[in-house]
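Laboratory data are not the source of any read-out in this text; all were calculated from the coordinates shown. This is a predicted model, so every value here is computed, not measured. So basically every Cβ, Gly included, is an ideal-geometry build from the backbone, and we count neighbours across all protein chains shown.
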Amino acid sequence: MRNWEKDLSPIARERLAKIGEFTQEEKDRMIDSEKVNSLLSEFYQGQIDPESLWKRLKEEGKPSLLREAQVRLVDSLSFGSTPAELQRKRDGILAIETLKKEQNTSIIKLNLNLMEDLQKRYRAEIEQAYNGIRAEVERNPRLRVKQVQQGQNTMVIQLTVDEAIKQLPQWRDFLSNQEKRYSQEFARVMGKLKRELK
């Protein structure tokens, strides 16, 4: 095999030699990142609550850890998060914000409230639409019947109202469109929230 390194310029060889070396700043950043990973792992697993997270980060006394922890908490939010999950992470994000010298609490709270409101509106619209379709399915017995092919025979199966609703293409399309629309809005607010973290 040819020794390709000999063909490199002296500057390129010097740079190649330095690639494996980390600066002290990079090493410190990696150590800090590992601390945040460990702390948030405990938080996500429910081993520590937002107050304990606040105390542990206060003990560390490093402003760089605060933003990283908040960004990771925001990244862990999803439109599908349960209200309890969202509340817990919200409390963690806001607790960390109180440790900063320059706080942006009201804007952060506003964006977190928007995320919560999006989830509530989504659930309310889904429930309202479901109830409307349910009433239609209850009035129309033909919507509760499904034909199933078994070999040469066709069987007619009676569905419950809930089973019938889940079979309707318009219900599945409605769900898909709503989830897409609200997920995109949630992601937009999440991006805005991350930009507010300083």
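In this structure, residue 47 and residue 67 have a Cβ-Cβ separation that, at R0 = 25 Å, corresponds to a calculated FRET efficiency of about 0.65. Quick one: Kirkwood hydrodynamic radius for the stretch 114-198, alpha-carbon pairs, angstrom, one decimal? Across the stretch 114-198, the inverse of the average 1/r is 15.4 Å. Principal-axis analysis of the Cα atoms of the chain puts helix 10-19 at an angle of about 60° to the longest axis.
What does the charge dipole of the chain about its Cα centre add up to, to the nearest 20 debye, if the Cβ of each Lys and Arg holds +1 and the Cβ of each Asp and Glu holds -1?
Numbers: 37 positive and 32 negative charges, 89 e Å.
Roughly 420 debye for the chain.
A dipole drawn for the chain from +1 and -1 charges on Cβ atoms has a positive end, and of 155, 114, 70 the residue lying farthest that way is 155.
Taking the Cα centre as origin and putting +1 on Lys and Arg beta-carbons and -1 on Asp and Glu beta-carbons, what dipole magnitude results for the stretch 87-182, to the nearest 20 debye?
Numbers: 18 positive and 13 negative charges, 23 e Å.
It comes to approximately 120 debye.
Angle, helix 24-44 long axis vs. longest principal axis of the chain, Cα atoms, 0 to 90°, nearest 10? That works out to roughly 30 degrees. Diagonalise the Cα gyration tensor of the stretch 9-103 and give the resulting equivalent ellipsoid semi-axes, square root of 5 times each eigenvalue, largest first, whole Å. Taking √(5λ) for each eigenvalue gives 34, 16, 12 Å, largest first.
For the chain, the 222 nm mean residue ellipticity estimated from helices alone, with every DSSP H stretch of n ≥ 4 adding -39500 (n - 2.57) and the total spread over all residues, rounds to -24000 deg cm²/dmol.
Lys-Lys pairs in the stretch 114-198 that are eight or more residues apart or on separate chains and whose Cα atoms lie under 29 Å of each other come to 10.
Please compute the length gained on full extension between residue 175 and residue 27, using 0.36 nm multiplied by the number of residues separating them and subtracting their Cα-Cα distance. Mind showing how you got there, number by number?
Details: separation 148, 0.36 × 148 = 53.28 nm, distance 4.72 nm.
That pair, residue 175 and residue 27, stretches by 48.6 nm at full extension.
The angle between the Cα long axis of helix 105-139 and the main principal axis of the chain comes to about 20°, on a 0 to 90 degree scale. The structure shown yields Cα extents along the principal axes in Å, and of the options (i) 54, 33, 25; (ii) 49, 42, 38; (iii) 80, 57, 29 that calculated value carries the label (iii). A simple spin-label model places pseudo-atoms 7 Å from Cα toward Cβ; at residue 110 and residue 85 they are separated by 2.8 nm.
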